[in-house]
Structure formats: C-alpha cells, structure tokens
Amino acid sequence: MSEELGLRKLPGHLIRRLQQQSVSVFTERTKAAGFDLTSVQFAALDTLEKAPGIDQASLAKRIAYDRATIGSVIKRLEKNGLVSRLPDDKDRRAFQVSLTPQGHCLLEKIRPIVLELQNDILPDLTETERTTLLGLIEKALKPAG
C-alpha cells in the first residue's frame, strides 16, 4: 500500500497526526508565555473549576483520560500547588480534588492563551471549514465513559 493510497486515507493515522499537531501548538505557545502545563493538565484544571470536589475517577471520565494514569496528573498538579486532594468522606479509597487559589489564578492567566492558540491548531482552515470539522469530530466521538 503506497503512502498516497494508504496512510493518507486512514482516519486513525490522520487523527494521530492532528493530535501531535495540537499538542505541539499547545506546548509551544504555553511555554512561550511562561507556563509549564500540558493540555491534559489544563483540561483537568478547567474541569475542576466547573466541578470542584469531584473524585479522580469522575475527573478522568469527564476529560476522557485514562483512570489508571489520572493519579499521576493530579499528583503533579498537587505538587505544583494547583490542586488539593482530600480523602472522600464516603469512600476512603477515593480522593476529592479541588483547585487551590493558585490553580484558579493560573487558569485565569492561561485560558486566554489556550483560547487564542486554537486557531493555530488548524491554521489552513477557514472559519466555516473549522466549524464543519469540529461538528464532524463531535459527531464521530463516542460519549466519554
């Protein structure tokens, strides 16, 4: 199977490449602005702002991230003073996670940068094409969880 007839027609390959492009733009732009935060960490912080005190498993489900590795994401955010983890009163094996004041402050500073860089992820698309693509991606995705 040639490159032209093969990989360029496989959605999985193209989606992987687009994911790489997205991570690259996110990392480059946020680092240039002086932030050391991954896109997954941003998603976790953004979700915690909207749902303070949720448990790690619920957080993983909401951001469509692997439950087995969300703990390491939360631990790094906690180490950096951005979130706090408290044992759940109902389930001592679970932790409730919330933003700290420092986490709220970081989100206020980085959110405009993250919103601005979105167009750079799909630089050669018109606004209409971008809207169409995003609608199709949403339609193609299975609901999280």
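Determine the pairs where a residue that is touching a residue at least 40 places away in the same chain (Cβ under 8 Å) and of a type in the set (Phe, Trp, Tyr), located within the range 7-28, has a partner that is surrounded by 12 or more Cβ atoms within 10 Å (Cβ to Cβ) and part of a helix (DSSP H, G or I) with Cβ atoms under 9 Å apart, the partner being 6 or more residues away or on another chain.
Hits for this filter: 26/39; 26/42; 26/114; 26/117; 26/121.
How many residues does the range 81-114 contain that are modelled with pLDDT of 95 or more and loosely packed, with under 11 Cβ neighbours inside 10 Å?
Residues meeting the conditions: 3.
Would you confirm whether or not the range 132-144 contains a residue that is at pLDDT 95 or above, β-branched (Val, Ile, Thr) and either closer than 27 Å to residue 36 by Cα or touching a strand residue (DSSP E or B) at 6+ places or on another chain (Cβ under 7 Å) (or both)?
Looking through the range 132-144, none of the residues is at pLDDT 95 or above, β-branched (Val, Ile, Thr) and either closer than 27 Å to residue 36 by Cα or touching a strand residue (DSSP E or B) at 6+ places or on another chain (Cβ under 7 Å) (or both).
How do the helices (runs of 4 or more DSSP H) wholly within the range 43-145 filter down when requiring 3 or more residues that are over 15 Å from the mean Cα position of the chain (by Cα) and under 22 Å from residue 24 (Cα atoms): which remain?
Because the criterion is at least 3 residues that are over 15 Å from the mean Cα position of the chain (by Cα) and under 22 Å from residue 24 (Cα atoms), the helices (runs of 4 or more DSSP H) in the range 43-145 that meet it are 101-121, 127-140.
Looking only at residues that are of a type in the set (A, V, I, L, M, F, W, C) and touching a strand residue (DSSP E or B) at 6+ places or on another chain (Cβ under 9 Å) in the range 59-74, which one is farthest from residue 48 (Cα to Cα)?
The selected residue is 74.
What are the pairs, 6+ residues apart or on separate chains, where a residue within the range 55-76 that is of a type in the set (Gly, Ala, Ser) has its Cβ under 6 Å from a residue that is buried (at least 16 other Cβ atoms within 10 Å of the Cβ)?
Correct list of pairs: 60/70.
Is it fair to say residue 58 is of a type in the set (Gly, Ala, Ser) and touching a Gly at 6+ places or on another chain (Cβ under 7 Å)?
So residue 58 does not fit the description; no.
If residue 50 satisfies all but one of (1) loosely packed, with under 13 Cβ neighbours inside 10 Å; (2) over 23 Å from residue 143 (Cα atoms), what's the number of the condition it fails?
(2)
The values are calculated or read from the model by the stated rules, or taken from the named source; none is laboratory data. Predicted model only: the values in this text are computed from it and were never measured. For neighbour counting, all protein chains shown are included, and Cβ atoms are generated from backbone atoms with ideal geometry for every residue, glycine included.
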